[in-house]
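Chemist: There's a structure below that I have some questions on.
The values are calculated or read from the model by the stated rules, or taken from the named source; none is laboratory data. Bear in mind that the values here come from a model prediction, so they are computed numbers and not experimental data. Positions of Cβ are generated from backbone atoms using ideal geometry, with glycine treated the same way; all protein chains shown enter the neighbour counts.
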Amino acid sequence: MKMYKIEVDEEVYRFLESKAVPFVDKDENSVLRRLLLRQGTTMAIGVKSGMALPSFPKGIPDGLSQIFEMVYLVKHEEDRIEATKRVAQAHNIKYPTVVDKYARQLGKRVFEVDRMLQEPELNELKAILKTKFSIHSDIIDEFFSKLEI
């Protein structure tokens, strides 16, 4: 797609900065695209905040990115069930497939995942993910450090 250069004053730039969503917006254009064209919000079902799902670097396993998306939505006021539905819809997969990623594949039951999500710093979940996806430890650290807990 052809790109154009525009200039904005400091007040507009600060506004764009305040509307940027970590792991979703890559640059000023993506903030404007999301705000003005409402891209990324059409997949929402029952989403309280209307925010787009985060995106992650290529090469990250689907299971890890889907867990990240669920955690992100839960920590931004979505309940786990609705967050799971939203992640499933976004990836055109079934609800149980997403549950499988954050429960069975991590050796946990759903009630244990719910308990971990209640933990203020999510330390137990982070430790489990770092064990399961050890090669992606740096991405896991980055996700949790940028997650506004």
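Chemist: Give the number of residues within the stretch 55-76 that are charged (D, E, K, R) and within 20 Å of residue 30 (Cα to Cα).
Modeler: So the count comes out to 2.
Chemist: Condition first: within 18 Å of residue 111 (Cα to Cα) and either surrounded by fewer than 22 Cβ atoms within 10 Å (Cβ to Cβ) or not assigned by TED's automatic domain parsing to the domain that holds residue 116 (or both). Now tell me which residues in the stretch 81-93 satisfy that.
Modeler: Within the stretch 81-93, 81, 82, 85 qualify.
Chemist: Tell me whether the stretch 103-124 contains one or more residues that are under 17 Å from the mean Cα position of the chain (by Cα), under 23 Å from residue 58 (Cα atoms) and not small (Gly, Ala, Ser).
Modeler: No: the stretch 103-124 contains no residue that is under 17 Å from the mean Cα position of the chain (by Cα), under 23 Å from residue 58 (Cα atoms) and not small (Gly, Ala, Ser).
Chemist: Just for the stretch 56-80: of the residues that are of a type in the set (Gly, Ala, Ser) and buried (at least 16 other Cβ atoms within 10 Å of the Cβ), which one is nearest to residue 147 (Cα to Cα)?
Modeler: Here the answer is 65.
Chemist: Now, a different point. Please verify whether the stretch 121-144 includes one or more residues that are under 26 Å from residue 20 (Cα atoms), of a type in the set (Gly, Ala, Ser), without any contact (Cβ under 8 Å) to a residue 24 or more places away in the chain and buried (at least 17 other Cβ atoms within 10 Å of the Cβ).
Modeler: There is no residue in the stretch 121-144 that is under 26 Å from residue 20 (Cα atoms), of a type in the set (Gly, Ala, Ser), without any contact (Cβ under 8 Å) to a residue 24 or more places away in the chain and buried (at least 17 other Cβ atoms within 10 Å of the Cβ).
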